[in-house]
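*Asks:* The structure's right below; bear with me while I get my questions together.
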Number of protein chains: 2
Amino acid sequence: MKMKRKKASNHQPAFLFDLDGTLIDSVYPHALAWQEALEDIGIHLPAATIHRRIGMSGATLIHAFQRESGKKLSSRDAKRSEEFHTNAFREYSHQVRPLDGARELLEELTRLRVPWAIATSGQKDDAAQALKLLKLGRNVVIVTKDDVEKTKPEPDLFLVAAAKLRMELEKCVVVGDSVWDLLAAQRARALGVGLLSGGIGEDELERAGAYRVYRNAADLLAHLDDFGILSE
Amino acid sequence: MKMKRKKASNHQPAFLFDLDGTLIDSVYPHALAWQEALEDIGIHLPAATIHRRIGMSGATLIHAFQRESGKKLSSRDAKRSEEFHTNAFREYSHQVRPLDGARELLEELTRLRVPWAIATSGQKDDAAQALKLLKLGRNVVIVTKDDVEKTKPEPDLFLVAAAKLRMELEKCVVVGDSVWDLLAAQRARALGVGLLSGGIGEDELERAGAYRVYRNAADLLAHLDDFGILSE
């Protein structure tokens, strides 16, 4: 996306979007794919527990599960589990759809010349699939785990995304469905906004520091004036 | 389960358990199976929206989805969708496990001669599978949608379960992971207890009237004294 810098006011924010659960409906398939992948290496965890870890990168997630299950994993087990998850998730991918209002929200921001980017803990390949699903072109600014050393809740993904937009992170709004997005937003001094479309409840998102919580991307689109963005 | 009536004090409650998300880890597979089943009849709904409807019977669920999607369904479509869901769910069933502490909680209640039963909006066949998974014998008191005219949030399932235990419903504790369990409990004047193991958040369960919310069955087992039940 090309920015017309002179049109943007100094106070106009940029938007940094999470992908899974925020723009596409992929959190539940990810949760079940991880459940299978962990079972394969002998770790049994309930789906609701795994659900609350989605949004972290695979490696961080496995580290957390290892601690929670009290089981010590070799790096070979961890790698095997990540690969298993990737394959299991791809079997679900025919079922993944854009979330309500996601395409319309991104289109409207583009029309209003509000800078935006996507920052995901996921892999480049899965992100490319998501862009197709969202019918987004190749010039979208997107940052994946392959671009940073540490993913959410570390703020690196959002830092890189903001830098690519040439915006200060303090002026950005981070939009996500997981507590990890909101914790990363806080650490980066960005404004965190929660969406319920990933299935995490309002109180969990608020406790993680959400400035506002909306039902989904469509609901955020209907409330852009909360951020001083007015349709022309 | 045989009750030794003379051992039970007048104030000792009975426990009525929901099944999916409360005793077995089947809510996420149900959500995705319903998503596929609805897609098959042209209704697209996000997984998080479907997740929050799990716990109702198939027919009630389809009715709600129909209203939410603004689409009118024939009774043939509805039947087709229910059957699709049943088959899709069975493909996930290899992945379903008992939830943490479920077996231990039921064993401890039996040991302490506290009456308990299972009341589920699900089908008899799926319930039979769940009993096997939980290693429960044939003499467990269980009520399914096949035993009542209307399922949750109508209180009928719990009414029948309490009657089978020869307990007044006002003396029963209803334990479930969905708002429908808790709404049904309120309507039946029973005490509602929420478990987080189905992935619904604490605030949603409390707003639906939960007297207490525990992490899972294991956590409820550790807090049986909240109900005046003391290990001997």
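The values are calculated or read from the model by the stated rules, or taken from the named source; none is laboratory data. For clarity, every value in this text was computed on a predicted model and none was experimentally measured. Don't worry about glycine lacking a Cβ; one is built from the backbone with ideal geometry, like all the others, and counts go over all protein chains shown.
Results for (1) at pLDDT 95 or above; (2) of a type in the set (D, E, K, R); (3) over 16 Å from B:Thr120 (Cα atoms), shown as yes or no for each residue.
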residue	(1), (2), (3)
B:Phe158	yes, no, no
B:Ala161	yes, no, no
B:Leu165	yes, no, no
B:Asp177	yes, yes, no
B:Ala188	no, no, no
B:Val193	yes, no, no
B:Ile200	yes, no, yes
B:Glu206	yes, yes, yes
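*Asks:* Same structure again: Report yes if some residue within segment B:68-81 is buried (at least 20 other Cβ atoms within 10 Å of the Cβ) and either under 25 Å from B:Arg215 (Cβ atoms) or modelled with pLDDT under 95 (or both); otherwise report no.
*Replies:* yes
*Asks:* Filtering segment A:209-228 down to residues that are part of a loop (DSSP other than H, G, I, E, B) and under 19 Å from A:Lys171 (Cα atoms), which residue is modelled with the lowest pLDDT?
*Replies:* Filtering first and then ranking leaves A:Gly228.
*Asks:* For A:Leu169, only one of the following conditions fails: (1) buried (at least 18 other Cβ atoms within 10 Å of the Cβ); (2) within 21 Å of A:Gly228 (Cβ to Cβ); (3) at pLDDT 95 or above. What is its number?
*Replies:* (3)
*Asks:* Return the residues of segment A:92-109 that are assigned to a helix (DSSP H, G or I) and in contact (Cβ under 8 Å) with a residue 40 or more places away in the chain; say none if nothing qualifies.
*Replies:* Pass one, segment A:92-109, residues assigned to a helix (DSSP H, G or I): A:92-95, A:102-109.
The answer is A:Tyr92, A:Ser93, A:Gln95, A:Ala102, A:Glu104, A:Leu105, A:Leu106, A:Glu108, A:Leu109.
*Asks:* Let me confirm something: among B:Phe65, B:Phe89, which residue is within 13 Å of another protein chain (Cβ to nearest Cβ) and either surrounded by 16 or more Cβ atoms within 10 Å (Cβ to Cβ) or assigned to a loop (DSSP other than H, G, I, E, B) (or both)? Walk me through how you get there before you give the answer.
*Replies:* Numbers: B:Phe65 fails: within 13 Å of another protein chain (Cβ to nearest Cβ).
Selected residue: B:Phe89, the only one of B:Phe65, B:Phe89 that is within 13 Å of another protein chain (Cβ to nearest Cβ) and either surrounded by 16 or more Cβ atoms within 10 Å (Cβ to Cβ) or assigned to a loop (DSSP other than H, G, I, E, B) (or both).
*Asks:* Would you mind telling me which numbered condition in (1) over 28 Å from B:Tyr92 (Cβ atoms); (2) acidic (Asp, Glu); (3) touching a strand residue (DSSP E or B) at 6+ places or on another chain (Cβ under 8 Å) B:Asp181 fails?
*Replies:* For B:Asp181, the failing item is (1).
*Asks:* B:Asp100 - would you say it is away from chain A (no Cβ under 14 Å) and of a type in the set (Asp, Glu)?
*Replies:* Here the answer is no, as B:Asp100 does not meet what is asked.
*Asks:* Run down B:Ala48, B:Ala33 and say which single residue is facing chain A (nearest Cβ under 10 Å), at pLDDT 95 or above and over 13 Å from the mean Cα position of the chain (by Cα).
*Replies:* Values: B:Ala33 fails: facing chain A (nearest Cβ under 10 Å).
Residue meeting the stated conditions: B:Ala48.
*Asks:* If B:Phe17 meets every condition in (1) farther than 22 Å from B:Lys150 by Cβ; (2) at pLDDT 90 or above; (3) not basic (Lys, Arg) apart from one, which number is that one?
*Replies:* For B:Phe17, the failing item is (1).
*Asks:* Is it true that B:Leu191 is in contact with a Gly (Cβ under 7 Å, 6 or more places away or on another chain), within 24 Å of B:Glu170 (Cβ to Cβ), in contact (Cβ under 8 Å) with a residue 40 or more places away in the chain and surrounded by fewer than 24 Cβ atoms within 10 Å (Cβ to Cβ)?
*Replies:* no
*Asks:* For A:Ala217, only one of the following conditions fails: (1) more than 14 Å from every other protein chain (Cβ to nearest Cβ); (2) under 23 Å from B:Pro46 (Cβ atoms); (3) surrounded by 22 or more Cβ atoms within 10 Å (Cβ to Cβ); (4) touching a residue at least 24 places away in the same chain (Cβ under 8 Å). What is its number?
*Replies:* In the conditions (1) more than 14 Å from every other protein chain (Cβ to nearest Cβ); (2) under 23 Å from B:Pro46 (Cβ atoms); (3) surrounded by 22 or more Cβ atoms within 10 Å (Cβ to Cβ); (4) touching a residue at least 24 places away in the same chain (Cβ under 8 Å), A:Ala217 misses (1) alone.
*Asks:* Look at B:Ile54 and say whether it is within 14 Å of chain A (Cβ to nearest Cβ) and in contact with an Asp or Glu (Cβ under 7 Å, 6 or more places away or on another chain).
*Replies:* yes
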